[in-house]
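Here the structure is laid out as structure tokens; the discussion comes afterwards.
The values are calculated or read from the model by the stated rules, or taken from the named source; none is laboratory data. These numbers come from a predicted model, not from an experiment. Every residue, glycine among them, receives a Cβ derived from its backbone with ideal geometry; neighbour counts consider all protein chains shown. Please note that ligands, DNA and RNA were not included when accessible areas were found on the heavy atoms of the full protein model with its side chains. Shrake-Rupley method; radii C 1.70, N 1.55, O 1.52, S 1.80 Å.
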Amino acid sequence: MSKRMRVLMLVLAVLMIVPSILVGCGGSEDPATTTTAATTAATTTAATTTDAGTTDAGTTTAATTPAETGLDGYEFLMNVQFYSGIRSELGEGEEETSLMTEVFEIYAQIEEELDCTITCVTMDNSTEALLPASVGGIKLADFICTRQSTWIPLAMMGGIRPLDTMVEAGLDLYNEDVFNQTYTMMSEIEGPDGVKHVWAFDMTGKYENTRLGHFYAFNRALTDAAGYPAEMLFDAVRNGEWDYEMMLEIGRKTTKDLDGDGEFDQWGLALDADGNEIWTNGIRFIEYSTTEGKWVSNANHPQIMPALQFMSDISQADMQIPVFGNTVGRGDRRQLFWQGKCAFAGLYGSNIMGDENREMAGNGLWGALPLPKGPDADNYIICMVDLDTFVCQIANQDWEKSVQVINKIGAALTDWDEFKEQMLVDIAGDEDSAEMLLEHAVPNAIMNIAKCSDEMYQITRKRGFFSNIYELVLTPAAAAETWQDVIQAELDNVFQQ
């Protein structure tokens, strides 16, 4: 974490403490009129969540919701950066699509029902934008879509409001017909008060969605030629047999020198899964330890080692396009996969919707599998690399009005079945691949806590831990030993522990 960010976080922490001190010294003043929103957020306990409804993903539980009232022309503003499919207006020179027309009509109906205006636009949602606003107590929007590398540090410093503390005011947080429960409940982590809170909500549907994490796409023609037809691979997942060894075996069989010049020109793997293999052996790389009462790094845990070894194995010359020095970019590697030169490729949700991917699927050559599991894992997982979800600033003093509007928006936009239908369109109706991801991986989906800050992403991926293994700079054991303390130090910084 940069020095500037640490200073801003310290300033905000002081600003959050001062109002509570003043309240305590206020003599006979009515606490209800002097307690700040920050104090309320920090002192509400998990009992609020329990009283309002269950936190089990997929369960619809209605909270006690105050009667809706007219909002007297309230101007509701939502930052939909990363979620631009639900904008309320067209960009310059942009043509209106049928889906956009539907969204515009939804907003118009809600505006009429609640006597409000709804503006949903893309704006800067970076840490650099949100942190100074939090320090200054500046409301930027009613809700802001941003990723965990931004909202987790803000949550830990008291800059965003725990959503479970908004349930009594009517937020329909635990209703699967209003907010996607799988992704919303991923944001439930311990706050600065030591209590678990839900910090962000998701509205995945046909109009927009939180992108799926990494999985392995495969070329049906190449795996078939190696003796592993698509149905065999799908059945391996269904039977729990899709593991490290199986993928390595297929990959090595498909790495070939086709023209006899002594150089490989077909590979088993185009590119890795961006470090997410580390989560696939039944243990969390980073987790909250109830014993220690803090977030801890398991980088050097014995159960992590098979996953790290797998990351090294897929990076060898007999498996993947040479990784050393990252001389071939990730975009170029994906292109080589789509061009039919690699059996597997680590892709993520956004890639599914791309023209090259849609063409490959349309030609019947594309398939998808979850990341293979290690010897100690019971289930397949999918790690949501960028959990782009919506948060509410503490600075939003109109949040009770915000709740009424977002309940209506969420109920109109959130629809997992419609999301699945749209995904099937993108992958040319490939029901088996959809099953692999949505039925075998998504039920065990996790948030990538290794992106708990921008700095942690640099430490683990861009210039650190994972890169050292992928680029064969260090052995898995040496990399774990090198980076364990660095990772733990950043966890201590972010979570203020």
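Miscellaneous remarks
- From GLU418, GLU435, GLU356, residue being free of Cβ contacts under 8 Å to residues at least 40 places away in the same chain, open to solvent by 10 Å² or more (accessible area, probe 1.4 Å) and not β-branched (Val, Ile, Thr): GLU356
- Checking every residue in segment 314-326 against the condition of being under 24 Å from the mean Cα position of the chain (by Cα) and surrounded by fewer than 21 Cβ atoms within 10 Å (Cβ to Cβ) gives zero matches.
- Annotation: of all residues in segment 124-139 being assigned to a loop (DSSP other than H, G, I, E, B) and closer than 15 Å to TRP151 by Cβ, the one that is most open to solvent (accessible area, probe 1.4 Å) is ASP124.
- Segment 142-201, subset small (Gly, Ala, Ser) and under 17 Å from the mean Cα position of the chain (by Cα), residue farthest from MET384 (Cα to Cα): ALA155
- Members of segment 451-470 that are closer than 18 Å to MET157 by Cα and small (Gly, Ala, Ser): SER453
- From MET232, MET203, residue being of a type in the set (A, V, I, L, M) and farther than 30 Å from LYS341 by Cα: MET203
- Residue count, segment 275-305 (criterion: at pLDDT 95 or above, open to solvent by 10 Å² or more (accessible area, probe 1.4 Å) and of a type in the set (Val, Ile, Thr)): 2
- Index of the failed condition, MET185 passing every other in (1) touching a Gly at 6+ places or on another chain (Cβ under 7 Å); (2) open to solvent by 10 Å² or more (accessible area, probe 1.4 Å); (3) of a type in the set (A, V, I, L, M, F, W, C): (1)
- Summed over segment 188-221, residues that are in a loop (DSSP other than H, G, I, E, B) and acidic (Asp, Glu) total 3.
- Options ASP265, ASP272; residue that is surrounded by 15 or more Cβ atoms within 10 Å (Cβ to Cβ) and touching a strand residue (DSSP E or B) at 6+ places or on another chain (Cβ under 8 Å): ASP272
- Within segment 475-493, residues that are among the charged types (D, E, K, R) have Cβ atoms under 9 Å from residues that are assigned to a helix (DSSP H, G or I) and open to solvent by 30 Å² or more (accessible area, probe 1.4 Å) in these pairs: GLU490/GLU455, counting only partners at least 6 apart in sequence or on another chain.
- Tally, over segment 220-243, of residues that are open to solvent by less than 10 Å² (accessible area, probe 1.4 Å) and of a type outside the set (A, V, I, L, M): 3
- When SER467 is tested against (1) farther than 28 Å from GLY293 by Cβ; (2) open to solvent by 40 Å² or more (accessible area, probe 1.4 Å), only condition (2) is not met.
- LEU248 being buried (at least 20 other Cβ atoms within 10 Å of the Cβ) and either touching a residue at least 60 places away in the same chain (Cβ under 8 Å) or of a type in the set (D, E, K, R) (or both): no
- Check on GLY70, open to solvent by 60 Å² or more (accessible area, probe 1.4 Å), more than 20 Å from VAL494 (Cα to Cα) and not in a helix (DSSP H, G or I): no
- Identity of the residue in segment 188-207, closer than 25 Å to PRO153 by Cβ and among the charged types (D, E, K, R), that ends up most open to solvent (accessible area, probe 1.4 Å): LYS196
- Residue, most open to solvent (accessible area, probe 1.4 Å), within segment 470-497, restricted to residues that are β-branched (Val, Ile, Thr) and closer than 16 Å to ASN298 by Cβ: THR482
- Of the helices (runs of 4 or more DSSP H) lying entirely inside segment 252-362, the ones with 3 or more residues being in contact with a Ser or Thr (Cβ under 8 Å, 6 or more places away or on another chain) are found at 305-313.
- Qualifying residue in segment 364-378 (condition: under 23 Å from GLU481 (Cβ atoms), open to solvent by 20 Å² or more (accessible area, probe 1.4 Å) and not aromatic (Phe, Trp, Tyr)): yes
- Checked against the criteria, ASP142 counts as of a type in the set (D, E, K, R), surrounded by 22 or more Cβ atoms within 10 Å (Cβ to Cβ) and on the phi < 0 side of the Ramachandran plot.
- Hits in segment 83-123 (condition: on the phi < 0 side of the Ramachandran plot, part of a loop (DSSP other than H, G, I, E, B) and without any contact (Cβ under 8 Å) to a residue 60 or more places away in the chain): ARG87, SER88, GLU89, LEU90, GLY91, GLU92, GLU94, GLU95, GLU96, THR97, THR122, MET123
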